[in-house]
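Chemist: The following block contains the structure, expressed as structure tokens.
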Amino acid sequence: MNTLVSYDWLKEYVKLKETPEEFARRISLSGPAVEKILPLYPELGDKIVLGQIAELKQHPNADKLKIVKVDVGADGGALLHIVCGGSNLELGQYVAVALLGAKVRWHGQGEPVVLEPAEIRGEKSEGMICASSEIGLGEAFPNSDRMILDVGHELGWDKQTKKSIPKTGTPLNDVLGGSDDVAMDIEVTSNRVDCMGMVGMAREAAAILNRPFNWKEPKFPKLQASSSKPQVKISAKKECPRYMAAKISGVKVGPSPWWLKRRLMSAGLRPINNIVDISNFVMLELAQPTHIFDSATVKGGIDVRLSRFGEKIQALDGKTYELDETILLIADDEKPIAVAGVMGGEQTGVTLNTTDVIIESAAFDPVCIRRGARKINLQSDAQLRFEKGLSTASPPVAMARTIQLVLELAGGKLEGGITDVGQTKYKPQSFSTTVDEVDSLIGIKVPKTEMVDRLRRLGFKVGVTGKTIKAEVPWWRDHDIELGRDLVEEIARIEGYANIPGVIPFGLRPRPMSPELVWERNAREILKGAGLSEIYSYSFVSKDLLAKADYDASVLLRVQNPLTADFEYMRTTLLPSALQVAAENAERFSEQRLFEIANVYYPQSGNLPDEQLELSMLFLGMPEPWRAAKGCVEHLLDEMGITDVEWKRLDNDAFWHPGHTVQAFAKGNLVATVGELSPKFAKNFKFDSPVGLVDIPFEAMVPLASGSRTYIPLPAFPEAKRDLAVVVDFRVEFDDIAREIVRANGHSPIRFGVEWFDTYRGDKLPLDKKSVAMHLTFSAPDRTLESSEVDGLMENIVLGLKEKFKAEVRA
């Protein structure tokens, strides 16, 4: 999973001298990989600056407009003349001013436009005083008609002494700190949930770059014994090993200070109010989620329990979720108040009227959180962290930090003390390795003192006895470090993987690929070489799609908690997916030749589904697409060395066109179904021309493939050519006729070639007959055949066809 990391925020915890680009390059070689570097306020260019209103008067020709003269630090003290409709402008206010040439969004809507000089009701306007939404800051300042930088609160300026107020004309990006900061999009592996927090990422950076780590663990305020602390009971002890709660009364809910808003926005979160923002800030800082309830809405004590069948909760996203007995809840004496580890309830959320709050910091079973969130299809930033596994030593740190910030930014008083239920004395794990093992596994020599230093920089407590290194795992890594060799990996990655020579171990040989993988790869190349395009579709399909293709969803595996109704069933065929892809692209591509190789899933009673690799093809936008489909299958079978293929007509499947569908068999095994989609179902996908399809059980076909091919030289002597037309029963297939022609001449060294060129049914023949015409070629490897020899071969062929099919030669 990925997280956004503010470079400026990171520097609060570790001293960094590198540019963001240099930092990204170095950290990616030893730890979490930086994938992108993003500007914080992309809509704030150099032409959006800080201004101060110097003069303000009514527009002479418009009641709702004002003429504003703004100090933007111009040479000679010249003021900018602007016509503005803002109703809340006052003398002396600091505002965001867009100069001519700047890009803004009118009223926060549409694409950015370039600001040009204008005349409004007879008065010139040389710029624009911007609303926050017009320059991409609507989330930071959502309630402003025109973006007024609140000197006392929003940016922490001292209006009386003008302390720390930048000069007018300073680019707003500099004022807000955006020019000195970027957001790094960093990939964090699932075992390193500690790096989903700024402190964990800073600890990594400090260890990799060998810099001081400046973060100090927060401490609880001095507490007095009291019985008024929150009452907590854990009924689901397995699912919740630890739960902490604290009550703060007399808080004042309001907007957060700018520094807090800025940190949240750098991580992609929207500021809401100071209390909610503190909870989100602590999660981003420590990777330990907390939740804050409005104390007045919590009735009685708190119980951490499993939900009861039929219970419902309206979450903070405004949706109501129906629960079953497997969902872990936080509840009061009357109702559920949160889905544990996922999201709080709307009824107990903090509002502007909240005066008393209860802070929650807990540890939950990661499997329980993951299953519960997916079952009710509810995701959150907290859930992403809890489901990776957090230490039971983490809640006190997050609780202390949350209390500290609430008292600082919202006031109030900590009531009674901290409730801590389920805690036991934390016992860290310890593992050992040896100097020789480290050197052997890494492949380079690392001094023992350097090994110890690297582990200590990462937070391990290290002891050394001779060549043995014993390390105690820090609590923030207790779901990650599992054995001694993990210590070797920690030492190696601090070295930097790019600094370890890439040497192939002596005697190591590549493991041979299985025949299935070899032929899967070869089939892709064969089909792409034949002009087909490969598609990739989901393994899950919708009930509607299955119905369009006449597949019964009731016999398929249904996903208990599908992400959407479009991914509800596990498919047993690739064809509906191919039809859907073709239909979605039909307007742009009139001719399509598609294929897909992927698994399908057959239900098994009481067991996991049986996965089978299958191959599908689709042909659209050409005359008689089933012929193209059959030719492509014949080419694939030939390339795979599958010979002696017998083709049989398929007439009894409603999905397929009864007259244009055949099945191929090799050694009695079905290797392909080739034909045309029934017109009835083609209409369901809005196709106005025939659709050719191929369905191949690829996994079952692979054992029939031959890895070797026999090459026969071209004939050195001229071929003898004859044409033959025979009248046979209309149900006889050409493939059977060709097979009989070869068989009729036994083991003769003469080479035969049989090529169909016409089939006729009409008035000149009985209704149950057809005429099949073909080209025949004969050649010998050592001579030119005489006419008499060819005549003898033709007699054998005609005789064999008469005996087998009661064929008559047509003149």
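Chemist: Select from the range 369-384 the residues that are part of a helix (DSSP H, G or I) and open to solvent by 10 Å² or more (accessible area, probe 1.4 Å) and list them in ascending order.
Modeler: Across the range 369-384, the qualifying residues are ARG370, ARG371, ARG374, LYS375, ASP381, ALA382, LEU384.
Chemist: Could you check the range 244-276 and list, in sequence order, the residues that are over 22 Å from GLY412 (Cβ atoms) and not polar (S, T, N, Q)?
Modeler: ARG262, MET265, ALA267, GLY268, LEU269, ARG270
Chemist: Still on this structure: Report yes if GLY466 is farther than 22 Å from THR392 by Cα and either in contact with a strand residue (DSSP E or B) (Cβ under 9 Å, 6 or more places away or on another chain) or not hydrophobic (A, V, I, L, M, F, W, C) (or both), otherwise no.
Modeler: Taking the combined requirement at face value, the residue satisfies it.
Chemist: Still on this structure, please answer the following. Of everything in the range 287-327 that's within 27 Å of the chain's Cα centre (by Cα) and hydrophobic (A, V, I, L, M, F, W, C), which residue is most open to solvent (accessible area, probe 1.4 Å)?
Modeler: By that ranking, first place goes to LEU316.
Chemist: Could I ask something else about it? Regarding the range 520-535, can at least one residue be identified that is in contact with an Asp or Glu (Cβ under 9 Å, 6 or more places away or on another chain) and closer than 26 Å to LYS680 by Cβ?
Modeler: Within the range 520-535 (the criterion being in contact with an Asp or Glu (Cβ under 9 Å, 6 or more places away or on another chain) and closer than 26 Å to LYS680 by Cβ), the answer is yes, since at least one residue qualifies.
Chemist: While we're looking at this one, here's another question. Taking the range 521-543 only, how many residues are of a type in the set (D, E, K, R) and surrounded by 13 or more Cβ atoms within 10 Å (Cβ to Cβ)?
Modeler: Of the residues in the range 521-543, 2 are of a type in the set (D, E, K, R) and surrounded by 13 or more Cβ atoms within 10 Å (Cβ to Cβ).
Chemist: Name the residues in the range 557-586 that are in contact with a helix residue (DSSP H, G or I) (Cβ under 9 Å, 6 or more places away or on another chain), in a loop (DSSP other than H, G, I, E, B) and at pLDDT 90 or above, would you?
Modeler: Across the range 557-586, the qualifying residues are GLU568, ARG571, THR572.
Chemist: Now for a separate question. Within the range 443-461, is even one residue in contact with a Lys or Arg (Cβ under 9 Å, 6 or more places away or on another chain), surrounded by 13 or more Cβ atoms within 10 Å (Cβ to Cβ) and on the phi > 0 side of the Ramachandran plot?
Modeler: Yes, there is a match, as at least one residue in the range 443-461 is in contact with a Lys or Arg (Cβ under 9 Å, 6 or more places away or on another chain), surrounded by 13 or more Cβ atoms within 10 Å (Cβ to Cβ) and on the phi > 0 side of the Ramachandran plot.
Chemist: Looking at the structure I just gave you, is PRO697 over 25 Å from ALA549 (Cα atoms) and either in contact (Cβ under 8 Å) with a residue 24 or more places away in the chain or within 33 Å of the chain's Cα centre (by Cα) (or both)?
Modeler: no
Chemist: Go through the range 743-787 and report how many residues are outside any strand (DSSP E or B) and open to solvent by 80 Å² or more (accessible area, probe 1.4 Å).
Modeler: Number satisfying all stated conditions: 10.
Chemist: Only one residue in LYS252, LYS229, LYS222 is modelled with pLDDT of 95 or more, open to solvent by 10 Å² or more (accessible area, probe 1.4 Å) and not in a helix (DSSP H, G or I). Which one?
Modeler: LYS252
Chemist: Can you pull out every residue in the range 462-480 that is part of a loop (DSSP other than H, G, I, E, B) and either open to solvent by 60 Å² or more (accessible area, probe 1.4 Å) or in the same structural domain as LEU390 (by TED's automatic domain parsing) (or both)?
Modeler: Matches in the range 462-480: LYS467, HIS479.
Chemist: Working carefully through the options ASN191, ASN173, find the one that is open to solvent by 20 Å² or more (accessible area, probe 1.4 Å), under 34 Å from the mean Cα position of the chain (by Cα) and modelled with pLDDT under 90.
Modeler: One residue alone meets the criteria, ASN173.
Chemist: If we keep just the residues of the range 664-706 that are of a type in the set (S, T, N, Q) and not in a strand (DSSP E or B), which is surrounded by the most Cβ atoms within 10 Å (Cβ to Cβ)?
Modeler: Across the range 664-706, the extreme among qualifying residues is SER678.
Chemist: What is the residue count in the range 585-619 for residues that are among the polar types (S, T, N, Q) and closer than 15 Å to GLY692 by Cβ?
Modeler: Of the residues in that region, 3 qualify.
The values are calculated or read from the model by the stated rules, or taken from the named source; none is laboratory data. Bear in mind the structure is a predicted one, so any value in this text is a computation, not a measurement. Quick reminder, even Gly has a Cβ in these numbers, built from the backbone with ideal geometry, and neighbours come from all protein chains shown. Ligands, DNA and RNA are stripped out before the accessible areas are found, and what is left, the full protein with its side chains, is counted by its heavy atoms. Shrake-Rupley method; radii C 1.70, N 1.55, O 1.52, S 1.80 Å.
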